[in-house]
Amino acid sequence: MRIAQLDGRPVLLTEDGAIDVPADLAADLFARWDDLREWSAHATGARPYDPSDLQAPVRAPRQIFAVALNYRPHTAEAGYEEPTAPLVFTKFPTCLTGPYTTVELPPGDVDWELELVAVIGHEARNVPVEKGWEPVAALTVGQDLSERLAQLAGRPAQFSLAKSHPGFGPLGPALVSLDEVDDPDDLELTCELNGEVVQHDRTGDMIFPIPQLVSYLSGFCTLLPGDLIFTGTPAGVGNRRSPQRFLTPDDELVSRIGGVGEMRHTFRRRATR
């Protein structure tokens, strides 16, 4: 099942097009997730749609968690020791944007970070690692866009604001239920910039896989339906290249995770007032 947002309402994406989710299910997607899956197996009435009209599949999450240095090659390229516990920060919900938008670049050095995003389906607290997949309703593709000058200016570095400019949380194209992917613990990630592969890895190389992240976070915070967990980025980010490379106007960034989906974004300079 693939649930997206189109024209401000949830739809089921199929090979034939988009099918509007019934109002009673749309009113509280995650509370009715099992009913939604049952309905999706027999849903009809698909209509054509333009993928560029898709919006972020979670409209207003109450919490967005993000994890730093969760792939060993990325940890090494950043010059750090492998963490012994997840390194967690937050992105603010107003940064979210859809899977096919143009993002405005603020002043500074804007970098890409392809990430698998886990979407929480029901309230969860103190979840054992062995049950860490249970609160996860779906997966989606995310980009943790980051303005590096502000992010790294402080001592210690300050992450959240520099990663929360408008459009800095691309998400989509859909919420993909776990039964849609062959192995949710081992998915291929590929990020391309203007046709060049800049990141490539598999989620099986995470230092802290999703069940560990869910268990760890739920030991501190109550996880809520619709919460997002950006699970970390592989090696290949721009500020660790030599020479460094950052996003510029008219770049095209393609973010792809096997079995989950693909996003495409372009960029423009923020208009001056």
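Residue 59 passes all but one of (1) under 24 Å from residue 209 (Cβ atoms); (2) of a type in the set (Lys, Arg); (3) modelled with pLDDT under 95; which number fails?
Only one criterion is unmet by residue 59, namely (1).
Pairs needed: first member in the range 250-270, free of Cβ contacts under 8 Å to residues at least 24 places away in the same chain; second member anywhere, surrounded by 18 or more Cβ atoms within 10 Å (Cβ to Cβ); C-beta distance under 9 Å; at least 6 residues apart or different chains.
As it stands, the answer is 250/267, since those pairs meet every condition given.
Return the residues of the range 135-160 that are modelled with pLDDT under 95 and hydrophobic (A, V, I, L, M, F, W, C); say none if nothing qualifies.
150, 152, 153, 157, 159
Is it the case, given these coordinates, that residue 245 is out of contact with any His (no Cβ under 9 Å at 6 or more places or on another chain), at pLDDT below 95, more than 22 Å from residue 89 (Cα to Cα) and outside any strand (DSSP E or B)?
On the way: out of contact with any His (no Cβ under 9 Å at 6 or more places or on another chain): yes; at pLDDT below 95: no; more than 22 Å from residue 89 (Cα to Cα): yes; outside any strand (DSSP E or B): yes.
It is false that residue 245 is out of contact with any His (no Cβ under 9 Å at 6 or more places or on another chain), at pLDDT below 95, more than 22 Å from residue 89 (Cα to Cα) and outside any strand (DSSP E or B).
List the pairs whose first member sits in the range 207-218 and is surrounded by fewer than 19 Cβ atoms within 10 Å (Cβ to Cβ), whose second member is part of a helix (DSSP H, G or I) and modelled with pLDDT of 95 or more, and whose Cβ atoms are under 6 Å apart, counting only residues at least 6 apart or on separate chains?
Note: pairs meeting the criteria are 212/129.
Within the range 225-242, which residues are part of a loop (DSSP other than H, G, I, E, B) and polar (S, T, N, Q)?
If the condition is that a residue be part of a loop (DSSP other than H, G, I, E, B) and polar (S, T, N, Q), then 231, 233, 242 are the ones that fit.
Which of the following residues is within 14 Å of the chain's Cα centre (by Cα) and assigned by TED's automatic domain parsing to the domain that holds residue 265: 181, 176, 214, 198? Working first, answer last.
On the way: 181 fails: within 14 Å of the chain's Cα centre (by Cα); 214 fails: within 14 Å of the chain's Cα centre (by Cα); 198 fails: within 14 Å of the chain's Cα centre (by Cα).
Being within 14 Å of the chain's Cα centre (by Cα) and assigned by TED's automatic domain parsing to the domain that holds residue 265 holds for just one of 181, 176, 214, 198, which is 176.
It is to be established whether one or more residues within the range 6-17 are assigned to a loop (DSSP other than H, G, I, E, B) and among the aliphatic types (A, V, I, L, M).
Here is the first cut: in the range 6-17, the ones assigned to a loop (DSSP other than H, G, I, E, B) are 7-8, 15-16.
Filter once more, so that each one left must be among the aliphatic types (A, V, I, L, M): none.
Looking for residues that are assigned to a loop (DSSP other than H, G, I, E, B) and among the aliphatic types (A, V, I, L, M), one finds none in the range 6-17, hence no.
Which pairs have Cβ atoms under 7 Å, sit 6 or more apart or on different chains, and link a residue in the range 137-165 that is assigned to a helix (DSSP H, G or I) to one that is at pLDDT below 95 and crowded, with 21+ Cβ neighbours inside 10 Å?
From the range 137-165, the pairs are 151/159.
Here are the criteria: (1) free of Cβ contacts under 8 Å to residues at least 12 places away in the same chain; (2) surrounded by 13 or more Cβ atoms within 10 Å (Cβ to Cβ). Tell me which single one residue 24 does not satisfy.
Evaluating residue 24 over (1) free of Cβ contacts under 8 Å to residues at least 12 places away in the same chain; (2) surrounded by 13 or more Cβ atoms within 10 Å (Cβ to Cβ) leaves (2) as the failure.
What are the residues in the range 237-260 that are closer than 19 Å to residue 169 by Cα and surrounded by fewer than 23 Cβ atoms within 10 Å (Cβ to Cβ), if any? Write out each step before concluding.
Narrowing the range 237-260 to residues closer than 19 Å to residue 169 by Cα: 237-239, 246-257, 260.
Result: 238, 239, 246, 247, 248, 249, 250, 251, 252, 253, 254, 256.
Could you tell me which residue of the range 57-82 is surrounded by the most Cβ atoms within 10 Å (Cβ to Cβ), considering only residues that are in contact with a Phe, Trp or Tyr (Cβ under 8 Å, 6 or more places away or on another chain) and assigned to a loop (DSSP other than H, G, I, E, B)? Walk me through how you get there before you give the answer.
The first filter runs over the range 57-82 and keeps only residues in contact with a Phe, Trp or Tyr (Cβ under 8 Å, 6 or more places away or on another chain), leaving 64-70.
Filter once more, keeping what is assigned to a loop (DSSP other than H, G, I, E, B): 69-70.
Details: 69: 19, 70: 27.
Checking each candidate, the answer is 70.
Would you point out the residue of the range 83-97, among those that are farther than 18 Å from residue 147 by Cβ and part of a strand (DSSP E or B), that is nearest to the chain's Cα centre (by Cα)?
Only one residue tops the list, namely 88.
Looking at residue 126 and the list (1) touching a helix residue (DSSP H, G or I) at 6+ places or on another chain (Cβ under 7 Å); (2) on the phi > 0 side of the Ramachandran plot; (3) not in a loop (DSSP other than H, G, I, E, B), which single condition is not satisfied?
All conditions are met except number (3).
The values are calculated or read from the model by the stated rules, or taken from the named source; none is laboratory data. Quick caveat: nothing in here was measured; it's all calculated off a predicted structure. Every residue, glycine among them, receives a Cβ derived from its backbone with ideal geometry; neighbour counts consider all protein chains shown.
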